[in-house]
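A short worksheet on the structure shown next.
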Amino acid sequence: MSTPKSNWTTDPAPLLRVGEGFRLDEVDTRSTPGYDGDKKSGKKDLAALSDELNDLQERLFAAHHDDETGPAVLLVLQAMDTAGKGGIVRHVVGAVDPQGVELAAFKKPSKEELAHDFLWRIRPRVPGPGMIGVFDRSHYEDVLIGKVRELAEPEEIERRYEAINDFEAELAEAGVRIVKVMLDISPDEQKDRLAERLDRPDKYWKYNPGDVDERLLWPDYMKAYQTVFERTSTEAAPWFVVPADRKWYARLAVQRLLLDALHDIDPQWPAADFDIEVEKKRLAET
């Protein structure tokens, strides 16, 4: 399927990928790396490229969903509150056939989950062959809020970084293409988005008073994210930091990262496992 023309000037992945020397505090959260367009053109490009994303996802599902092993895609979304994770799920992942998507939203762990290793609740939600899995928050909460809020001993936090790397290497070896995205917004932008939720009755349900408490710890969270990038951005599962003050750009960028992952897998329509001519004849006789 040919790629429709768009305002992308280059593949944004190399521009967004966390590499050696990366500094989170140097990211311009209002920038649009690799894209030469505005909000209006961004919405058009998102819609145009959704057809390509849907086609590739359908091929992946058709070719592998009945396999015991095989390729899959796991999109990991991490961010401070209001950064737009839900919008990514609705406007990007929502453009494909839902039967090929597995969504997991990891909230505060239950007592049962806390009684096990932190990856215990994560493993069952890894997407199976042919699927696109989405983690709305993830195992990284255990080295982000876990570190900032001191929910585990420092030695345990240190152990978790390596456990995460081993876990993700295991997934990659099994054919899971991991796309880890941190949606990076500024504290000022978050403040505006929280204020909007307080100004609109239809947004009250999205407001959490605890979000203000977390804002007070913003510098600590940014340090925790920096450590996460330094410790867990690997060849098998690199991090991508997406400027997210402009929601339309963040959606476009994540869409492109998913397209890159699917193009690398290059799913093909499965061949018929029946005699086509015989079936045509049988159908004609009914």
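The values are calculated or read from the model by the stated rules, or taken from the named source; none is laboratory data. Quick caveat: nothing in here was measured; it's all calculated off a predicted structure. Cβ atoms come from the backbone with ideal geometry, glycine included; neighbour counts cover every protein chain shown. What goes into the accessible areas is simple: the full protein's heavy atoms, side chains included, and nothing from ligands, DNA or RNA. Shrake-Rupley method; radii C 1.70, N 1.55, O 1.52, S 1.80 Å.
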Spacing of the two label points (7 Å from each Cα toward its C-beta) at residue 97 and residue 111, in nm: 4.3 nm
Rounded to 5, the percent of DSSP beta bridges in the chain classed as antiparallel: 10 percent
Of all accessible heavy-atom area on the chain, the percent that carbon and sulfur account for (1.4 Å): 50 percent
Residue-count net charge about residue 64 - beta-carbon cut-off 13 Å; Lys, Arg +1, Asp, Glu -1: -3
0 to 90° range, to nearest 10: angle between helix 154-173 axis and the chain longest Cα axis: 10 degrees
Where N is the number of residues in region 162-264, Cα Rg divided by 2.2 N^0.38 Å: 1.30
Cα shape, region 115-195, gyration tensor, a/c 1.5 rule: oblate
Three-way shape label, region 13-85, alpha-carbon gyration tensor, a/c 1.5: oblate
Area projected by the alpha carbon convex hull of region 1-156, averaged over all directions, nm²: 12.0 nm²
Distribution of pairwise C-alpha distances over the chain, 10 Å bins, in %: 6, 26, 34, 22, 7, 3, 1, 0
FRET E, pair residue 66, residue 23, Förster distance 51 Å, beta-carbon r, rounded to 0.05: 0.70
For residue 113, solvent-accessible area (1.4 Å; no DNA, RNA or ligand), Å²: 50 Å²
Structure-based [θ]222 nm, the chain - -39500 (n - 2.57) summed over DSSP H runs of at least 4, per residue, nearest 500: -13500 deg cm²/dmol
Cβ-derived FRET efficiency at R0 41 Å, residue 226 paired with residue 272, nearest 0.05: 0.20
List 32, 69, ordered by accessible area with a 1.4 Å probe, largest first: 69, 32
Surface per residue (accessible, 1.4 Å probe) for region 34-171, Å²: 47 Å²
In region 1-97, chymotrypsin sites (Phe, Trp or Tyr not before Pro) in a DSSP loop with at most 15 other beta-carbon atoms within 10 Å: 22
Net lengthening on full extension, residue 205/residue 41 (0.36 nm per residue, minus Cα-Cα): 55.9 nm
